[in-house]
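See structure below.
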Amino acid sequence: SRLGRGVPDLLIARRGTLRQVEVKDGSKVTSAQQLTAQEAEYHRNMHAAGCPVWVVRSVKEAVAL
């Protein structure tokens, strides 16, 4: 989040694969887990370029990636 401009919280490289991961607090109400406008724009641009961004709301979801 410190990079700003909607860049995801985590970049995970494993076995030749790079995952961009946005972390949201799953304990918060759904409305508080929404992407910011900059995050949503970044995600759209990355998906259009064939580089999806995953959103996780728990450790279990992150490990499943």
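For the chain, the 222 nm mean residue ellipticity estimated from helices alone, with every DSSP H stretch of n ≥ 4 adding -39500 (n - 2.57) and the total spread over all residues, rounds to -8000 deg cm²/dmol.
For the chain, the equivalent ellipsoid built from the Cα gyration tensor has semi-axes of 18, 16, 10 Å, listed from largest to smallest.
Calculate the spin-label point distance for residue 10 paired with residue 46, positioning each point 7 Å from the Cα along the beta-carbon direction, and give it in nanometres. Here the modelled spin labels are 1.2 nm apart. By DSSP, the beta bridges lying fully in the chain are antiparallel in about 55 percent of cases.
Rule-based calculations on the coordinates, nothing more; no lab input. It should be emphasised that the depicted structure is a prediction, and the values quoted were computed from it without experimental measurement. Counting neighbours? That spans all protein chains shown, and the Cβs are built from the backbone with ideal geometry, glycine included.
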